[in-house]
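Worksheet: the structure to be examined is printed underneath.
Any read-out appearing in this document is the output of simple, stated calculations on the displayed coordinates, not a laboratory observation. No experiment lies behind these values; they were computed from the predicted model shown. Note: ideal-geometry Cβ built from the backbone for every residue, glycine included; neighbour counts use all protein chains shown.
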């Protein structure tokens, strides 16, 4: 491993397999990335040598497991630029991280309170807020998507008010690729007295982060989209915000002392981590962020921007192709959504799969956005550290054949 | 091969696509996999399905499945529709469809059965 692209591919065993007789072209990393040998081996090594339950085991294995689990927290803290380890809460993924906030903050909502989301949200940053609003009589407002796929910031200003309790928006859209103006959103949201949550599922794997200076109250992301295992995610939360929050869920480990009718909560961050956590997942995530660190997130972002630019350029030349989201790779994440005239996205994806090309098809868990765009779904190619320009060429060649394929 | 010649042909040139004015039974539903919506309208007389049409934006597999399904039930008794299975449709489509796309094959059947049972469309 030395750099993103061709030279890191040997680290990813799965990339050498054939799919339907063709070399795999994996362009679905926005759904879930592949993982390098370093991550797979770290997880295996943990299970083969050090597994025990964390925190209250006195025996050697428990101590080792605790050290590995808490070591992962330190590594993630450094990777995202959080001010302290207490701000890193491990969850099962982005979805659980957002649900944690929606339930914990949700309990404090009342009639007249408002939550501000947008039309481009993944269902995981929409449904938890719908549920919180429904349970507490609060109302949900959505910032419209305009132009090539940008948040309508004038509407954002109009919708933001002293009634807004939470602003919950994607850092990077999982369909349009739009990188939202988070610095402005955070500043304005906090000025209005709201908590600001960013869904970082498509941000953390692709962009350098410095959350302490960026300043959101919450930033949620998943391990499996950033070369780590499934079943591990992170809720970053500003310490002051977290200290004021009641735990969302109860169980073992999140308490200090328990009586039959009440309990005293544990310190941060364990207060928000009831039950046996995803220890192996944390160990794997540790290896993943180490791997990304060695590649360098600035280089990762530049590599993926180059792939996005090549993909946009190649697809825009193909007759019958419609592209969704910004056409400029400089302001876009590592994802390109598109459709081919006369071809349903699921048929397109199935035909590409026959050639070994894995892309996503459908509504991408963003049905309100699909309704806004007036379509049922799209094809979506998304990139990670291991993708290459040659793979973009193979995609473009096959997309060019799709129109007459059925 | 997912896309059999039957699927391709029925997708390009469906025989039962369209709508029926004032149908005796109709229903529509969504495929949760893709958000596709399909609607089926039927004419019924003397316990028999005498005519039927399907419409909606759907993939080739779903559109072809709807088309061969309606072809097979027109002229048959309403009761016989409840005994139809996914295997019957796959046989007519002459296709080997993966588990992930089976909902595309079966959605028209559940929509037709919903129509004949008089189910209400959720909004």
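For residue A:318 and residue A:127, compute 0.36 nm times the residue count separating them, minus their Cα-Cα distance, and round to one decimal in nm.
Values: separation 191, 0.36 × 191 = 68.76 nm, distance 3.65 nm.
This chain segment gains 65.1 nm when fully extended.
Which of A:121, A:184, A:87 ends up with the largest GNM mean-square fluctuation for chain A, with Cα atoms connected below 10 Å?
A:184
If a/c stays under 1.5 just call it rounded; otherwise compare a/b with b/c (prolate if a/b is bigger, oblate if not). Do that for segment A:125-243, with a ≥ b ≥ c from the square roots of the Cα gyration tensor eigenvalues.
Because its axes are fairly even, with a/c under 1.5, segment A:125-243 counts as rounded.
Of B:41, B:91, B:28, which has the largest mean-square fluctuation in a 10 Å C-alpha GNM of chain B?
Checking each option, the largest mean-square fluctuation is seen for B:91.
Classify chain A as rounded, prolate or oblate, taking a ≥ b ≥ c as the square roots of the eigenvalues of its Cα gyration tensor: rounded when a/c is under 1.5, otherwise prolate if a/b is larger than b/c and oblate if not. Could you put the intermediate results ahead of the total?
Working: a/c = 2.07, a/b = 1.24, b/c = 1.67.
Verdict is oblate for chain A.
Please work out the FRET efficiency for the pair residue A:258 and residue B:48, using the Cβ-Cβ distance as r and a Förster radius of 56 Å; give the result to the nearest 0.05.
0.25
Mean residue ellipticity at 222 nm from the helices of chain B, using -39,500 (n - 2.57) per DSSP H segment of n ≥ 4 over the full residue count, to the nearest 500 deg cm²/dmol? If you can, show how the numbers build up before the last one.
Numbers: 5 runs with 49 residues, N = 123.
Computed ellipticity for chain B at 222 nm equals -11500 deg cm²/dmol.
Quick one: check the C-alpha center-to-center distance for segment A:141-164 versus segment B:1-28, whole angstrom.
Taking the Cα centre of segment B:1-28 as reference, the centre of segment A:141-164 is 41 Å away.
What average number of partner chain Cβ atoms lie no more than 10 Å from the Cβ of the residues making up A:345-354?
Per residue, the number of nearby Cβ atoms from other chains is 5 on average.
Could you work out, residue by residue across B:56-65, how many beta carbons of other chains sit within 10 Å of that residue's beta carbon, and then give the average as an integer?
Taking the mean over all residues of the peptide, I get 4.
Given Cα pairs under 8 Å that are at least 6 residues apart, what percent is the relative contact order of chain B?
Value for chain B: 33 percent.
Between segment A:30-105 and segment A:240-271, what is the C-alpha centre distance in whole Å?
19
State, to one decimal in nm, how far the label point of residue A:22 lies from the label point of residue A:108, with both points 7 Å from Cα in the Cβ direction.
The modelled label-to-label distance comes out at 5.2 nm.
I need B:59, B:42 ordered by Cβ neighbour count within 10 Å, fewest first.
Details: B:59 29, B:42 24.
Exposure proxy ranking, most exposed first: B:42, B:59.
Averaged over its residues, how many other protein chain Cβ atoms are within 10 Å of peptide A:363-375's Cβ atoms?
Per residue, the average neighbour count from other chains is 1.
State, as an integer percentage, the relative contact order of segment A:167-271 based on alpha-carbon contacts under 8 Å between residues 6 or more apart. Mind showing how you got there, number by number?
Details: 137 pairs, mean separation 18.2, N = 105.
Reported relative contact order: 17 percent.
Distance from the Cα centre of segment A:371-406 to that of segment A:178-193, in angstrom?
Answer, in whole Å: 32.
Using only helices, what value at 222 nm comes out for chain A when you add -39,500 (n - 2.57) per DSSP H run of length 4 or more and divide by the total residues, to the nearest 500 deg cm²/dmol?
Calculated from helices alone, the mean residue ellipticity at 222 nm is -11000 deg cm²/dmol.
Which stretch or stretches of segment B:28-65 have amide N atoms under 20 Å from the point lying 7 Å from residue B:96's Cα along the Cα→Cβ direction?
Counting backbone N atoms under 20 Å from the label point, the list is B:61-62, B:65.
Cut-off is 10 Å between beta-carbons; in what order do A:8, B:62, B:34 appear when sorted fewest neighbours first? Walk me through the intermediate numbers first.
Values: A:8 21, B:62 30, B:34 25.
Fewest-to-most Cβ neighbours within 10 Å comes out as A:8, B:34, B:62.
Which whole-number percent gives the relative contact order of chain A, counting Cα pairs below 8 Å spaced six or more residues apart?
23
Report the residue, chosen from A:183, A:82, A:142, that carries the largest GNM mean-square fluctuation when chain A is represented by alpha-carbon nodes joined by springs under 10 Å.
The residue with the greatest mean-square fluctuation here is A:183.
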